[in-house]
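Q: After the structure tokens below, expect a handful of questions from me.
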Amino acid sequence: MTPTGLAQLEEELKTLKSVERPAVIRAIAEAREHGDLSENAEYHAARERQSFIEGRVAELEDIISRAQVIDASQLSGDQVRFGATVTLADEDLDEEVVYTIVGAHEADIKAGRMSVHSPLARALIGKHIGDTVEVTTPGGSKSYEIVDVRFG
């Protein structure tokens, strides 16, 4: 995981613990004041939200405790590795695309952050500028040439 990805998860965890958790506790207390809990939709919705929050808190704490943070700014070279920002030439469409290879929990393909576990990232890892990779996608086979590799 990158330092930025870790910071995003830590911020989400902080928000869940300091904002969301107290808000749902207040919502449950208010719903209890309305009487009969068996037919109280507000109470059941608040309890469901509490369950989601507690599950997400546990999940984030686990991910953060096991995270291996790699600072790409400390890396260099022309070989594709975790944290690299790779410029690829799509040989079929004659277009260039740019992706940064990141951990699974911080991937967002629309923002140009590709999971290290994706088929394209796995094909790219270990390759160098000028190499061509072929990847099987749901739409068929695609071919890319590595144009540039940057870190940081």
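Values in this text are rule-based calculations from the coordinates and carry no lab data. What you see is a predicted model, and the numbers here were worked out from it, not measured in a lab. Counting neighbours? That spans all protein chains shown, and the Cβs are built from the backbone with ideal geometry, glycine included.
Q: Checking the condition in a loop (DSSP other than H, G, I, E, B) and among the basic types (K, R), which residue from R81, R122 passes? Show your work before the answer.
A: Values: R122 fails: in a loop (DSSP other than H, G, I, E, B).
One residue alone meets the criteria, R81.
Q: Sticking with this one: Go through the range 58-97 and give me each residue that's of a type in the set (V, I, T) and under 17 Å from the mean Cα position of the chain (by Cα).
A: Of everything in the range 58-97, those that are of a type in the set (V, I, T) and under 17 Å from the mean Cα position of the chain (by Cα) turn out to be I63, I64, V69, I70, T85.
Q: Please go through the range 120-152 and give me each residue that is surrounded by fewer than 14 Cβ atoms within 10 Å (Cβ to Cβ) and either in contact (Cβ under 8 Å) with a residue 12 or more places away in the chain or within 12 Å of G83 (Cα to Cα) (or both), ordered by number.
A: Within the range 120-152, G126, H128, G130, T132, T136, T137, S143, G152 meet the criteria.
Q: Quick test of your reading of the structure: S73 fulfils all but one of (1) surrounded by 15 or more Cβ atoms within 10 Å (Cβ to Cβ); (2) not in a strand (DSSP E or B). Name the failing condition by number.
A: Of (1) surrounded by 15 or more Cβ atoms within 10 Å (Cβ to Cβ); (2) not in a strand (DSSP E or B), only one is false for S73: (1).
Q: Report yes if V133 is in contact with a Lys or Arg (Cβ under 8 Å, 6 or more places away or on another chain), farther than 27 Å from L13 by Cβ and among the hydrophobic types (A, V, I, L, M, F, W, C), otherwise no.
A: Yes: the conditions hold for V133.
Q: Which of (1) touching a helix residue (DSSP H, G or I) at 6+ places or on another chain (Cβ under 6 Å); (2) without any contact (Cβ under 8 Å) to a residue 24 or more places away in the chain; (3) assigned to a helix (DSSP H, G or I); (4) of a type in the set (A, V, I, L, M) does L37 not meet, given it meets every other one?
A: Just one mismatch for L37, condition (3).
Q: Can you pull out every residue in the range 1-30 that is under 15 Å from E54 (Cα atoms) and among the polar types (S, T, N, Q)?
A: Selection gives T15, S18.
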